[in-house]
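First comes the structure, then the notes that go with it.
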Amino acid sequence: MRRISTDMPNTDVQFYLRRHEEKLAKLQSQISSESRIRELRDDPLAASHAVRYESYLARLERFEKNTLYAKDHFNVVYAYMDEAINVMQRVRELAVQGANGTYTAEDQKLMAVEVNELIKELVSLSNEVGPDGKQIFAGDKAFTEPFRMVEGTVPGGSDSMVVRVEYRGAGASRRTETSDRAYIDLDIGGGEVFWAEKMQIFSTVDATNYRVNTVGSFFIDGAEIRVNPGDTLPAIVAKINESPAPVKAYIDADTRGLALEGTNPHLIRAEDGVGGATVLKDLGIIRGNMENNAPNWDTTRSRVSGGSIFDMLIRLRDSMFRGDHDFIGSQGIAGMDLAIGNMATRIADIGSRQERAETVWQRLNREIPDVAAHLARESSVNMADAATDLKMLDYAHRATLQTAARILPPTLLDFLR
């Protein structure tokens, strides 16, 4: 049997008031945080869905930032490549003028001087730094100047002529993730953009009886090619041709050595793997691994052909100093056509990547609001309903306090008045 006392009504009123105040505080907290889930027990199923939506939304927002960076990067790369084509077009105009035979030897020397200055401008464009402070055409060696210009004297020229341009960059390997397990290549190396001819490397080492002695690997244009003990030259050739490297390998019919030929104009990069087999060194292709990113061909045991855009320009300039109309009209103009053609191909490649980045960005901008709506449906507060509930709770709270003040029995303070 429940005991009736003067303290029981007061205790009951305080208990229910605290429960009411707790509901009021919870609703106020939901409104202020705009989330109806403060703890997992509030709605376990909605909380689990909200966690997944939040994780997915965070990934989409990261992908959107990556895509925006890629778009801006491609815009910068495109601008410099377009300027480089303009420079080469001007050189081709000079080559056409110098080949027609109507200009004097002194006029051709003046043309050669202009070509030399345009070579310097092209080197400057190839060494440009992007807005993020990284070299644009250095590949993954983002803080290494990709091209080094060496000046000296040439017959018929002054003391400050460009005698050669060396590539010290690396291959293009940076890429950015634009969706789950989907990537866009960001970089395009200077050994691809500023190249004119397909490279060919012919080893003079007779590898008829060559056998790999240990497990290892080597790299062609960044593609790893693994070898096993007992692999012969035909097996190595087959593995190179099966790899994604843009290189065709075969056995030279004269020297019985390894021959490599690029499938498109670019600087072929070759290295033996760290430790293990030294296949390319044994076959006479390289003299050792790349030092300071400089070409490492073993020119004493192999023949290397296929030059860069700068090689084409230097040969053209030298022929102008010599007054060699035949060379200018044949090999000079042909070399420029090869250089411009490769540059146009690379620009088309950048344009394709840029278009893909734009497509991905548009898709993400449609998907992010949809996921945000799903998250809001699971976890957000309906402000209209919440405001109504808050007003009702507040009204009930005030009414309870007024009622309690009337029905509770007198206290000691009442008698002390």
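The values are calculated or read from the model by the stated rules, or taken from the named source; none is laboratory data. Quick caveat, the model's predicted, so the values are computed rather than measured. Note that we place each Cβ from the backbone using ideal geometry, even for glycine, and neighbour counts take in every protein chain shown. Ligands, DNA and RNA are excluded from the accessible area calculation, which covers all protein heavy atoms including side chains. Shrake-Rupley method; radii C 1.70, N 1.55, O 1.52, S 1.80 Å.
Going through ARG19, ARG36 one at a time, which residue ends up being surrounded by 16 or more Cβ atoms within 10 Å (Cβ to Cβ), modelled with pLDDT under 90 and either on the phi > 0 side of the Ramachandran plot or not hydrophobic (A, V, I, L, M, F, W, C) (or both)?
ARG36
Can you tell me which residue in the stretch 196-238 is surrounded by the fewest Cβ atoms within 10 Å (Cβ to Cβ), limited to those that are part of a loop (DSSP other than H, G, I, E, B) and of a type in the set (A, V, I, L, M, F, W, C)?
Top of the filtered list is VAL215.
Of all the residues that make up the stretch 169-195, how many are buried (at least 19 other Cβ atoms within 10 Å of the Cβ), in a loop (DSSP other than H, G, I, E, B) and in contact (Cβ under 8 Å) with a residue 40 or more places away in the chain?
Total meeting the criteria: 8.
Within the set of pairs 6 or more residues apart or between chains, which connect a residue that is in contact (Cβ under 8 Å) with a residue 12 or more places away in the chain inside the stretch 361-377 to a residue that is among the charged types (D, E, K, R) with Cβ atoms less than 6 Å apart?
LEU364/GLU64
What are the residues in the stretch 262-273 that are open to solvent by less than 30 Å² (accessible area, probe 1.4 Å) and part of a strand (DSSP E or B), if any?
GLY262, HIS266, ALA270, ASP272
Identify all residues within the stretch 250-261 that are crowded, with 21+ Cβ neighbours inside 10 Å and within 24 Å of SER173 (Cα to Cα); write none if there are none.
Hit for the stretch 250-261 is LEU260, nothing else.
Let me confirm something: among MET81, MET149, MET111, which residue is in contact with a Gly (Cβ under 6 Å, 6 or more places away or on another chain), closer than 30 Å to SER330 by Cβ and either small (Gly, Ala, Ser) or surrounded by 13 or more Cβ atoms within 10 Å (Cβ to Cβ) (or both)?
MET111
Among the residues of the stretch 41-55, is there at least one that is modelled with pLDDT of 90 or more, open to solvent by less than 70 Å² (accessible area, probe 1.4 Å) and assigned to a helix (DSSP H, G or I)?
no
So, of the residues in the stretch 64-75 that are surrounded by 16 or more Cβ atoms within 10 Å (Cβ to Cβ) and out of contact with any helix residue (DSSP H, G or I) (no Cβ under 6 Å at 6 or more places or on another chain), which turns out to be nearest to VAL115 (Cα to Cα)?
Checking each candidate, the answer is HIS73.
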